[in-house]
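Read-outs: derived from the displayed coordinates by stated rules, not from any lab. These numbers were taken from a predicted model, which means no experiment stands behind them. A quick note on method: Cβ atoms are made from the backbone with ideal geometry, for glycine too, and the neighbour counts reach across all protein chains shown.
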Amino acid sequence: MDPIPLILLEFNELSPVLMQRFIRQGELPNFKIMYDESQVFLTDAEEKPPYLEPWIQWVSVHSGMRYKEHGVFHLGDGFALKERRIWDLMSERGLRVWICGSMNVRYDLPLNGYVLPDPWTQNPPPHPTGLMPYFRFVQRNVQEHTRDRAPLGALDYIEFLGFMARHGLSPSTIFAILRQIAAERGRANRWKRAFIMDRLQFDLFRSVYRRLKPHFSTFFLNSTAHMQHMYWRNLEPELFKRQPAAAEQEEFRHAVLLGYREMDRLIGRFRRLFGAGSIIIFCTALSQQPCLIYEEGLGGKVVYRPRDFEALLAFAGINGRHRVEPVMAGEFHVYFENEREATEARQRLLDLRVGEQRVQHVEQKGTDVFGGCIVFEELPADATLRLAGTDRAAPFFEIFYRIEGRKSGIHHPDGMLWIRLPDNSHRVHEGKVSLTSIAPTILRMFGVPRPSTMRGDPLEFGGRPAAAA
């Protein structure tokens, strides 16, 4: 008998506190139904900063390994972990898999299914390569979302629309795109584009799901995590020393709630379209809380990003043959052909200064240099960027620009895990469970033995093992 299909909904960093508040307020009817039909757990990421990051915790979810075991620290480094993930183990058993947007993935070939990596990842590529038009378009939009315009031309849009027309573009998404275009005035409402990307990803997921009929699939979204990071200050301004301006508050006061409403709409669609005869797992891996640590003195954390990564490297005098791969916010990888050039580049980036303050945090691993701006205060318009030990100088804002907004949400180790079984049995389990229990639980549902690298215990429901049948 064919096993019951399972969909893992990965809604990154949603807060248990906000979830319960919004449910009580009647804002999230679909989450309320899902909660009442599920085995409800609270997860513990079991890490503290700097190891409390989604690109670390999602690797733990998929591999069943803690950070100290898998060692994947940066976004984009998931390929370095050679131990197999859930989908690899299922694929080798002949089970079909559809991994849609999951963070920091890797996969073995041959693979019995599809993989769409997260848009911040360069390696591995999508599988099969037919997903590349979607991946490339979304990647450029996400990585350059802080700019007024993504680096895309007319042909890119034509190719993307052609791809989506063949992969499930729905009338409701088309109408949402038109409404979004009509609502944008200058930069106003541009932040809502994230929810359009969510709709497009759902259309693609549904199209592939219907064609492939996977046994195991994932669906990852980050839009609401972004809303929390940027707009928690507008949700609860009374918690923060620096109050938002009236115009800002008017535009963003409901941004976080809107994110939860969008996720609620998707939960409803998943339940209606795939819920009958399927297992649906809702997981957040970690969550967020108000970010108050930068309020004293700084009045909140601001973020700077290079206007052009090549211009930054040229200013620092970095000439070796290289390839730049941006990731989140102002962070980036630079890959060199040899370790000597990487070491020289690392030192030059460390020598960048504003006043006496170092501008870049830089790490090196072989030929890979990873960097990001560590200036978090608001700089004056005439700030000067210098290269220490030289007479090289330039206006800071010729090389960098400030990303709009101030960080107001920060990570918290608690996460949500709701498992909706075919019998819709409900129980709220006490205590917290490890993220490393999720992969063994899913594997046991399919009768797939867990490897020795997965040391977490599978979860039990009401005194009985978790089972798909």
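What is the spin-label model distance, in nm, from S170 to R321 if the labels are put 7 Å beyond Cα along the C-beta direction?
Each label point lies 7 Å from its Cα, and together they span 4.8 nm.
Which value in Å does the Kirkwood hydrodynamic radius of the chain take, with 1/r averaged over all unlike C-alpha pairs and then inverted?
Computed over the chain, the radius equals 23.4 Å.
Quick one: which of 441-452, 317-328, 253-264, 277-288 comes out on top by average Cβ neighbours within 10 Å, and what's the full order, highest first?
Per-residue mean Cβ counts within 10 Å order the peptides as 277-288, 253-264, 441-452, 317-328.
Which FRET efficiency, nearest 0.05, do L109 and L152 yield, Cβ-Cβ r, R0 25 Å?
0.25
So what is the 222 nm mean residue ellipticity for the chain from helices alone, if each DSSP H run of at least 4 adds -39500 (n - 2.57) and you divide by all residues, rounding to the nearest 500 deg cm²/dmol?
-10500 deg cm²/dmol
How much length is gained if the chain between T390 and A80 is pulled fully straight, taking 0.36 nm per residue apart and subtracting their Cα-Cα distance, in nm to one decimal?
Result: 107.9 nm gained on full extension.
Scattering from the C-alpha atoms of segment 301-407 alone, worked out with Debye: what is log10 I(q)/I(0) at q = 0.16, 0.17 1/Å?
So the normalised log intensities work out to -0.65, -0.74.
How do L312, L81 rank when sorted from fewest to most other Cβ atoms within 10 Å of their own Cβ?
So the residues, fewest neighbours to most, are L81, L312.
How much net charge surrounds Y294 when only other residues with a Cβ under 15 Å from its Cβ are counted (Lys, Arg +1; Asp, Glu -1)?
Net of charged neighbours comes to +3.
Given a cut-off of 19 Å, name the pairs among K241/K301; K48/K432; K192/K407; K192/K301; K241/K407 whose C-alpha atoms lie farther apart than that in the structure shown. Can you show the working numbers first?
Details: K241/K301 12 Å; K48/K432 16 Å; K192/K407 17 Å; K192/K301 22 Å; K241/K407 13 Å.
Flagged as over cut-off: K192/K301.
With the cut-off at 1.5 for a/c, could you classify segment 1-73 from its C-alpha gyration tensor as rounded, prolate or oblate?
Oblate is the answer for segment 1-73, as a/c is 1.5 or above yet b/c matches or exceeds a/b.
Below 9 angstrom from the Cβ of P451, what's the summed charge of the other residues (Lys, Arg +1; Asp, Glu -1)?
+1
Taking just the alpha-carbon atoms of segment 359-430, what radius of gyration and Dmax come out, in angstrom?
Radius of gyration, then largest Cα-Cα span, for segment 359-430: 22.6, 71 Å.
Determine the gain in length on full extension of the stretch D36-D2; use 0.36 nm per residue of separation and subtract their C-alpha separation, reporting nm with one decimal.
Contour length minus the Cα-Cα distance gives 9.5 nm.
So if R0 is 41 Å, what FRET efficiency would T343 and E236 give, r being the distance between their Cβ atoms, rounded to the nearest 0.05? Write out the running numbers ahead of the final one.
Numbers: r = 45 Å, r/R0 = 1.11.
That gives a FRET efficiency of 0.35.
Between Q357 and H254, what FRET efficiency follows from the Cβ-Cβ distance if R0 is 45 Å, with the result rounded to 0.05?
Taking R0 as 45 Å, the efficiency between Q357 and H254 is 0.80.
Using alpha-carbon positions, what is the distance between the centroids of segment 6-59 and segment 210-243, in Å?
When both Cα centres are located, 10 Å separates them.
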